[in-house]
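Written out below as structure tokens is the structure these notes cover.
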Amino acid sequence: MKTIQYCLGLLSAAGLVSAQPAPDQQRALVNTILEELEPQAMTLVQRGPNGRYQLQPKQPPVLRLLLLDRSYTGLAGRLLLAADDTPYNQRLRQHFSADDLLYMRRQLTMTSFFRHQQATIPQPWVRVLPMDTLRALRQRLGWQAEFRFTDSLAQRYGSYTTFAISKPLFSEDHTRALVNVAAGSDTSTCVYQKTGTRWRRKEVLYIVISD
């Protein structure tokens, strides 16, 4: 009996490993999303001698985008766990088969977040910002001191808007993926399609805008 249980455990573990896309696939998709975000990150703010913020003209690549180093699956995960008869599940079925959704749910059972590493980001205008650094800064300034917090980010990094790209959840054939992209407090859940070696955004399923 113990031998049977052990074998079943190995098969289950093997299934989880096979559901994990290769790291290079994840990096390629993340870099595609970052390329899309570049136009939104073209504004560099800097405080002038008069103490006021000034918008700087375009110049050779500088730091414009603060990408959080880890991000949870968030809304994408909740959509995948929705019941079959809900509008959320029906919307996903327009892009993913039942086998795809099962395969993607298995990916949810793995580590709930993954880390962006500076060495894997080719865009020179992207700075990976560790969540630990962000938390330490907030704790030092106080959670209520939002102006001081954004001011500190702007002075230290040249930008105060943070972005987060969630762990991509891939279809069974690894040609489609479900991803959350958060800019500040606004989040969009998108479907990406792979054609050849390139990814492109196929559709934005949901957008959550915070006032």
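Each value in this text was obtained by applying a stated rule to the coordinates, not by laboratory testing. Computed from a prediction, not measured in an experiment: that's the story for all the values here. Don't worry about glycine lacking a Cβ; one is built from the backbone with ideal geometry, like all the others, and counts go over all protein chains shown.
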>> Please list log₁₀ I(q)/I(0) at q = 0.11, 0.18 Å⁻¹ for the range 21-208, using the Debye equation with identical point scatterers on the alpha-carbon positions.
In response: -0.54, -1.20
>> Could you work out how much longer the chain between Tyr53 and Tyr206 gets when fully extended? Use 0.36 nm per residue separation minus the Cα distance between them, nm to one decimal.
In response: 51.7 nm
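How large is the dipole of the range 21-208 about the Cα centre if only Lys and Arg carry +1 and Asp and Glu carry -1, each at its Cβ, rounded to the nearest 20 debye? Don't skip to the answer; put the middle values down first.
Details: 25 positive and 16 negative charges, 117 e Å.
The calculation lands at about 560 debye.
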> Just the C-alpha atoms of the range 156-203: what Rg/Rh do they give, with Rh taken as the Kirkwood radius?
Replying inline: 1.10
> Which one of Tyr192, Phe163, Ser152 has its Cα pushed farthest toward the positive end of the charge dipole of the range 152-202, where Lys and Arg give +1 and Asp and Glu give -1 at the Cβ?
Replying inline: Tyr192
